[in-house]
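To keep things clear, I will list the structure first and then write my remarks on it.
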């Protein structure tokens, strides 16, 4: 028998199939020879019969015909629009994006964000809401140091303290780790 050769593309096997068919071999014999030459990578018997029938009908194209099906709705404009929304607010979730684009499914939005834009969600670092014992000891030590300095040099220390008006500072303290997640572009490691 013949020695196995490197796996060939389907088109290359179809060329061999067409050649053997022109030599007046039967589809069963062709399938057997392809299996002997290409092993597990050979065309299935059903496909050999299908292609033999096509070639006998006079078709010469070795490539698969275009299949009808649902065309992709992901366009460059849509991807750019989704990216603009994400860049404006990196805390948007897939559900939020689906609400902005009601005609798109969740899986399509995943394809756009993860596949086309290559974004992934990352979490903000967690800040403890309660002081741990280590932080308490650190603050206690700093306060004790301040009191010691005050007792030693009270007047000098008070003159060096800077005070200001009461200021309200607003900051975002997320309630959960999930709410703190943001979109980030994937980086190559």
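Just a few scattered comments:
- Placing a pseudo-label 7 Å from each Cα along the Cα-to-Cβ vector at residue 59 and residue 77 gives an inter-label distance of 3.6 nm.
- Three-way shape call for the range 76-122 based on the alpha-carbon gyration tensor, with the a/c threshold at 1.5: rounded
- Put in line by how crowded their Cβ is, counting other Cβ atoms within 10 Å and starting with the fewest, 85, 178 read 178, 85.
- Neighbour-count ranking [beta-carbon atoms within 10 angstrom, fewest first] of 133, 138: 133, 138
- Normalised convex hull volume, the range 23-140, alpha-carbon set, Å³ per residue: 232 Å³
- Value of relative contact order over the range 76-122, rounded to a whole percent, pairs C-alpha under 8 Å and six or more apart: 38 percent
- Relative contact order of the range 10-56, pairs being alpha-carbon contacts under 8 Å that are 6 or more residues apart, as %: 42 percent
- Rg ratio (alpha-carbon, reference 2.2 N^0.38 Å) - the range 10-56: 0.96
Values in this text are rule-based calculations from the coordinates and carry no lab data. As the structure is a prediction and not an experimental result, all values here were calculated from the model. Using ideal geometry, Cβ is built from the backbone for each residue, glycine included, and neighbour counts are taken over all protein chains shown.
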